[in-house]
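Peer 1: Encoded as structure tokens, here's the structure I'll be asking about.
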Amino acid sequence: MKYIYELHKVMVARNLILVYEGEFTQEITKSVLAMAERNMDTMKEDSTVKRKVFNIMVECLQNIVKHSDEINSHSVSELNNAIFMIGKQDDKYIVVSGNPIANDKIDMLRGKLEKINSLDKDGLKEHYKEVIKNGKGLSEKGGAGLGFIDMARKSGQKLQFDFEPVNEEISFFSLKTVILRTNTPD
Amino acid sequence: MEVLNLPGTDDTPTIILDRNNGIFEISGRSLPEDSAEFYTPILEWLDGYSNSPNSETEFVFKLEYFNTASSKLILDILSKLETIDNTKVAWYYHEDDEDMQEAGNEFSELVEVPFDFKTY
């Protein structure tokens, strides 16, 4: 039973206010959002910060929902589970997700994220307008290809990401977005 | 022409499209699981309306939040409004919601429809 205490200690040490691990659906997305919103309301969080955190959570969660079925054909089902966490510190919120992805998607994802991280505020705005205008409608998965751009714009910070190899077919994709609680730089 | 009236839910906005009373409004939160499916009846309604529109149309957006998949469909709505004469958009945002104001600004730069910005 020691793992319970260990897990508790990790959550406290890392200031995690919410952790969800498992299957992701729209219903679960709504429940997680409602919990996080209640938490921020109880803490009387500033409405601008609250909106930004909500916004980034939605994009992050819906990304996982949209892409969670992509590797079903690959072996063990637990590998399809994803994790979502929110951390809260004095000066910032941290929204973190982790989900398995097929290795052949890594280059595409890395390319998108690196491009986004290379842009400043105005560059991101132009990139957003370009994608929404010229994107060929929604993808098969219902994504507009705008999620990461929007997360970067709303947070005003670089997106942090990592790909941890799992096996020959799958890697674990981690994504971390920071939302400052102090005035965001313009 | 029938009134399209969809009550809002925790992940879909309230929609009222009522030509006889001159009400064209979308309000609330928009983060449906399948935004293309949710917005299809709205786009179809507008197709019908654009065949014989009122002499003036004011389309109200009063959104508290929308996800990026919805933003693509909002642009589709605006593109349809572009084809209707004497149309303008009333873009409402909460007075301290700069992101929603900015989102309206960006949409106004993407289509040839006049925007009025209003706070609530």
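Peer 1: So if I take the alpha carbon set of the protein assembly as shown, get Rg, then get Rh from the Kirkwood formula, what is the Rg over Rh ratio?
Peer 2: Rg/Rh for the protein assembly as shown comes to 0.99.
Peer 1: A further question on this structure: Sort out the exposed loop GluC sites (Glu not before Pro) in chain B (DSSP loop, at most 14 other Cβ within 10 Å) and tell me the longest stretch that has none.
Peer 2: B:3-55
Peer 1: What are the trypsin sites (Lys or Arg not before Pro) within the stretch A:1-61 that DSSP puts in a loop, where the Cβ has at most 11 other Cβ atoms within 10 Å?
Peer 2: A:44
Peer 1: Taking both sides together, what accessible area is buried at the A/B interface, probe 1.4 Å, expressed in Å² and rounded to the nearest 100?
Peer 2: 2300
Peer 1: Then there is this: Any idea of the accessible area per residue across the stretch A:2-180, 1.4 Å probe, to the nearest Å²? Working shown, then result.
Peer 2: On the way: 9310 Å² over 179 residues.
Computed with neighbouring chains in place, this is 52 Å² per residue.
Peer 1: Where in chain A lies the longest segment free of GluC sites (Glu not before Pro) that are both loop residues by DSSP (not H, G, I, E, B) and have at most 16 other Cβ atoms within 10 Å?
Peer 2: It works out to A:71-139.
Peer 1: Comparing the chain by itself with all protein chains present, which residues of the stretch B:87-120 are at least 20 Å² less accessible (probe 1.4 Å)?
Peer 2: B:96, B:97, B:99, B:102, B:106, B:109, B:110
Peer 1: I would also like to ask the following. Taking θ = phi - 60°, what integer Hz values does the Karplus form 6.51 cos²θ - 1.76 cosθ + 1.60 yield along the stretch A:36-53, in sequence order, with x for Gly and Pro?
Peer 2: 5, 5, 4, 4, 5, 5, 4, 7, 6, 5, 4, 5, 5, 5, 4, 5, 5, 4
Peer 1: With respect to the cross-link table entries A:154/A:176; A:50/A:176; A:158/B:72; A:52/A:125; A:50/A:154, which display a Cα-Cα separation exceeding 20 Å?
Peer 2: Long pairs (Cα-Cα over 20 Å): A:158/B:72.
Peer 1: Kindly report the accessible area of chain B per residue (heavy atoms of protein chains, probe 1.4 Å, no ligands, DNA or RNA), in Å². It would help to have the intermediate numbers written out before the result.
Peer 2: Details: 5500 Å² over 120 residues.
Here the residues of chain B average 46 Å² of exposed surface.
Peer 1: Follow-up question, since we're still on this one. Just grab the label-to-label distance for residue A:168 and residue A:2, each label 7 Å out from Cα along the Cβ direction, in nm (one decimal).
Peer 2: In this crude spin-label approximation the distance works out to 3.7 nm.
Peer 1: Roughly what % of Cα-Cα distances in chain B sit above 24 Å, to the whole percent?
Peer 2: Cα-Cα pairs in chain B separated by more than 24 Å: 19 percent.
Peer 1: Over the protein assembly as shown, with every protein chain in place, what whole percent of the accessible area is carbon and sulfur at 1.4 Å, could you tell me? List each step's numbers first, then the result.
Peer 2: Working: 7470 of 15600 Å².
With neighbouring chains kept in place, the figure for the protein assembly as shown is 48 percent.
Peer 1: Then there is this: Do any residues of the stretch B:18-48 show a loss of at least 40 square angstrom of accessible area between the isolated chain and the full protein assembly, using a 1.4 Å probe, and if so which?
Peer 2: Checking the loss per residue gives B:29, B:31, B:33.
The values are calculated or read from the model by the stated rules, or taken from the named source; none is laboratory data. Small disclaimer: the values here were computed from a predicted structure and weren't measured. FYI the Cβ positions are ideal-geometry reconstructions off the backbone, even for glycines, and counts take in every protein chain you see. For accessibility, only protein heavy atoms count, side chains too; no ligands or nucleic acids. Shrake-Rupley method; radii C 1.70, N 1.55, O 1.52, S 1.80 Å.
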